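Quick notes on the structure that follows.
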Amino acid sequence: MITVEEARALLFDLVGVLPSEEVPLAQSAGRVLAQDVVAGRNQPPFAASSMDGYAVKAAEVELHAMFKVVGESAAGHRFEGQVGPGQAVRIFTGAPVPEGADFVVIQEDTDRRGDLITITDEPGSKTNIRPAGVDFEIGTSISAPRLIRPEDVALMAAMNTPRVTVARKPVIALISTGDELVMPGEEPGPDQIIASNTFGLQALLEGLGAKVRVLPIAHDTVSSLETAFGLAQGADLVVTIGGASVGDYDLVSDVSQGLGMERSFYKIRMRPGKPLMAGRIGETAMVGLPGNPVSAMVCGYLFLAPMVRRMLGLDHVVPPFLTAQLTEPLPENGPREHYMRAVLSDTGIAACADQDSSLLSVLAQANALLVRQPHDPAREIGETVQYLPI
């Protein structure tokens, strides 16, 4: 058996950064930027007023000073003339500051009668003008790679960028295996259960930016598995769930190798998730997950998620361990790295009482995986431990 770190390195060898594609700006949120976006204009492109008021010459601004209003500057409609001595232009927020003016007296500090205004309150030293290019200038860039947030979309729109180059979404085919499984909504037989891993993994992977194809459940026959692998053609990564162990009905290994899979490894020194298999069929990466629900999801967090981030070209594909203090004691750990479902709170972290790898209800209550190294000694309340948020 190999370690988690060794397994992850081998999995990274199976996938690479995917080609990029161009999408409309409106469809870019949540995608990974693959090419820098560079501003071709200043923002704002002109000196603009930050307040409603009157544009005047700064040298003339003082309490009780009077000015004659000679025009108006509104957003989208600048004052075309020039502000001379003793003159003011009515101006609104976002409007271009007229030539000759370098100060905006806010309207609350003035009294207007006809075409004359008087500064009635101390105007202060703030000019209330946003200089041209104060937000960004020509040549300012948004650097790739990065996950595009709504704020980034707004910035790129302001840069007048109608289309964005992003990483292509990895296509992942999910194949659940086993005669005991039926899809949600179907009526299970007396010896059957509902397929759950597939949908938890689909949600996880799509949340990371992948395009997931959920294939029909493969029965425990060679022909059914071969059909499922055939339906997975064109995927960047094929993930099987269940059937990768050593039982009489665990056929994934034999069928995949019969289809030409070059196996990279089988079994990891960890719990849950020990019977994990990986390799390559032609140009397509393949990962065979264990069938226990919690084992499959934990392997999704630890291995599939970093693979997706790698295919998207992100810099940080493996989240670092965080630390917290125990609020409940822990017994000595065994010979395998253990990822325990745990609850992180304001006071610290506690492992869930039951770590059975079939219990999805416990996983749903957890918000962290408490990480134990092999042969980690017993831990007491208040000791610092490592965890991964989920």
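The values are calculated or read from the model by the stated rules, or taken from the named source; none is laboratory data. Model, not experiment: these values are computed from the prediction. Reconstructed Cβ throughout: ideal geometry from the backbone, glycine too, with neighbour counts over all protein chains shown. Ligands, DNA and RNA are excluded from the accessible area calculation, which covers all protein heavy atoms including side chains. Shrake-Rupley method; radii C 1.70, N 1.55, O 1.52, S 1.80 Å.
Among the residues of the range 283-299, is there at least one that is in a loop (DSSP other than H, G, I, E, B) and open to solvent by less than 60 Å² (accessible area, probe 1.4 Å)?
In the first step, residues of the range 283-299 are kept if they are in a loop (DSSP other than H, G, I, E, B); the result is 283, 290-292.
Narrowing the set further to residues that are open to solvent by less than 60 Å² (accessible area, probe 1.4 Å) leaves 290-291.
Within the range 283-299 (the criterion being in a loop (DSSP other than H, G, I, E, B) and open to solvent by less than 60 Å² (accessible area, probe 1.4 Å)), the answer is yes, since at least one residue qualifies.
Inside the range 337-367, can you point out the residues that are modelled with pLDDT under 95 and over 24 Å from I194 (Cβ atoms)?
The one that is modelled with pLDDT under 95 and over 24 Å from I194 (Cβ atoms): A353.
Is it the case that R341 is among the charged types (D, E, K, R) and in contact with a Lys or Arg (Cβ under 6 Å, 6 or more places away or on another chain)?
Working: among the charged types (D, E, K, R): yes; in contact with a Lys or Arg (Cβ under 6 Å, 6 or more places away or on another chain): no.
It is false that R341 is among the charged types (D, E, K, R) and in contact with a Lys or Arg (Cβ under 6 Å, 6 or more places away or on another chain).
Would you check which residues across the range 40-61 are more than 29 Å from M159 (Cα to Cα), in contact with a strand residue (DSSP E or B) (Cβ under 7 Å, 6 or more places away or on another chain) and surrounded by fewer than 16 Cβ atoms within 10 Å (Cβ to Cβ) and list them?
A58
Could you say which residue among A88, A101, A144, A132 is assigned to a strand (DSSP E or B) and not aromatic (F, W, Y)?
Selected residue: A88, the only one of A88, A101, A144, A132 that is assigned to a strand (DSSP E or B) and not aromatic (F, W, Y).
Does I148 count as under 30 Å from Q35 (Cα atoms) and β-branched (V, I, T)? Step through it out loud before you land on a result.
Details: under 30 Å from Q35 (Cα atoms): yes; β-branched (V, I, T): yes.
It is true that I148 is under 30 Å from Q35 (Cα atoms) and β-branched (V, I, T).
For a quick check of your reading of the model, give me the residue pairs whose first member lies in the range 43-66 and is touching a residue at least 60 places away in the same chain (Cβ under 8 Å) and assigned to a strand (DSSP E or B), whose second is surrounded by fewer than 20 Cβ atoms within 10 Å (Cβ to Cβ) and of a type in the set (D, E), with beta-carbon atoms closer than 7 Å and at least 6 apart or on different chains.
Listed by first residue and then by second, the contacts come to Q43/D135.
Give the range 104-129 a look and list any residue that's more than 49 Å from the chain's Cα centre (by Cα), surrounded by fewer than 17 Cβ atoms within 10 Å (Cβ to Cβ) and outside any loop (DSSP other than H, G, I, E, B), or say none.
The answer is D111, R112, R113, L116, T118.
Looking at A9, A75 in this structure, which one is free of Cβ contacts under 8 Å to residues at least 60 places away in the same chain, closer than 30 Å to Y266 by Cβ and surrounded by fewer than 17 Cβ atoms within 10 Å (Cβ to Cβ)? Before you say what the answer is, go through the steps one by one.
Working: A75 fails: closer than 30 Å to Y266 by Cβ.
Selected residue: A9, the only one of A9, A75 that is free of Cβ contacts under 8 Å to residues at least 60 places away in the same chain, closer than 30 Å to Y266 by Cβ and surrounded by fewer than 17 Cβ atoms within 10 Å (Cβ to Cβ).
Can you tell me how many residues in the range 227-256 are in a loop (DSSP other than H, G, I, E, B), modelled with pLDDT of 95 or more and of a type in the set (A, V, I, L, M, F, W, C)?
Residues meeting the conditions: 2.
So which residues in the range 327-337 are in contact with a strand residue (DSSP E or B) (Cβ under 9 Å, 6 or more places away or on another chain), part of a loop (DSSP other than H, G, I, E, B) and touching a residue at least 60 places away in the same chain (Cβ under 8 Å), if there are any at all?
G334, R336
Report every pair of residues separated by at least 6 positions or lying on different chains whose Cβ atoms are under 6 Å apart, first residue within the range 139-168 and in contact (Cβ under 8 Å) with a residue 40 or more places away in the chain, second among the acidic types (D, E) and outside any strand (DSSP E or B).
S141/D36; S143/D36; A144/D36
How many residues are outside any loop (DSSP other than H, G, I, E, B) and either more than 14 Å from L237 (Cα to Cα) or open to solvent by less than 40 Å² (accessible area, probe 1.4 Å) (or both) when one looks only at the range 172-210? It would help to see each step written out before you state the result.
Our first condition is that a residue be outside any loop (DSSP other than H, G, I, E, B); within the range 172-210, this holds for 172-177, 181-182, 193-194, 197-207.
Still in the list and also either more than 14 Å from L237 (Cα to Cα) or open to solvent by less than 40 Å² (accessible area, probe 1.4 Å) (or both): 172-177, 181-182, 193-194, 197-201, 203-205, 207.
Final tally of qualifying residues: 19.
Could you look through the range 227-245, keep only residues that are small (G, A, S) and touching a residue at least 12 places away in the same chain (Cβ under 8 Å), and pick out the one that is surrounded by the fewest Cβ atoms within 10 Å (Cβ to Cβ)?
My answer is G234.
Results for (1) in contact with a helix residue (DSSP H, G or I) (Cβ under 9 Å, 6 or more places away or on another chain); (2) surrounded by 12 or more Cβ atoms within 10 Å (Cβ to Cβ); (3) without any contact (Cβ under 8 Å) to a residue 12 or more places away in the chain, shown as yes or no for each residue.
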site	(1), (2), (3)
Y339	yes, yes, no
L344	no, yes, no
A364	no, no, yes
L369	yes, yes, no
P374	no, yes, no
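Scan the range 260-278 residue by residue and report those that are open to solvent by less than 40 Å² (accessible area, probe 1.4 Å), at negative phi and part of a loop (DSSP other than H, G, I, E, B). Step through it out loud before you land on a result.
Of all residues in the range 260-278, those open to solvent by less than 40 Å² (accessible area, probe 1.4 Å) come to 261, 265, 268, 270, 272-273, 275-278.
Right, trim to at negative phi and you get 261, 265, 268, 270, 272, 275-278.
Matches in the range 260-278: M261, P272, P275, L276.
Pairs under 6 Å by beta carbon, first residue farther than 19 Å from R213 by Cα in the range 177-202, partner of a type outside the set (K, R) and open to solvent by less than 70 Å² (accessible area, probe 1.4 Å), six or more apart or different chains?
Sorted first by the residue in the range 177-202, then by its partner, the pairs are D179/D220; E180/Q192; P188/V182; Q192/V182.
Would you mind stating whether K169 is closer than 24 Å to R309 by Cβ, open to solvent by 70 Å² or more (accessible area, probe 1.4 Å) and either of a type in the set (S, T, Y) or outside any strand (DSSP E or B) (or both)? If you could, list the steps in order and put the result at the bottom.
Numbers: closer than 24 Å to R309 by Cβ: yes; open to solvent by 70 Å² or more (accessible area, probe 1.4 Å): yes; either of a type in the set (S, T, Y) or outside any strand (DSSP E or B) (or both): yes.
Criteria met by K169.
Tally time: how many residues in the range 211-226 are part of a helix (DSSP H, G or I) and either basic (K, R) or open to solvent by less than 40 Å² (accessible area, probe 1.4 Å) (or both)?
Let us first name the residues in the range 211-226 that are part of a helix (DSSP H, G or I), namely 222-226.
Still in the list and also either basic (K, R) or open to solvent by less than 40 Å² (accessible area, probe 1.4 Å) (or both): 224-225.
Summing the residues that are part of a helix (DSSP H, G or I) and either basic (K, R) or open to solvent by less than 40 Å² (accessible area, probe 1.4 Å) (or both) in the range 211-226 gives 2.
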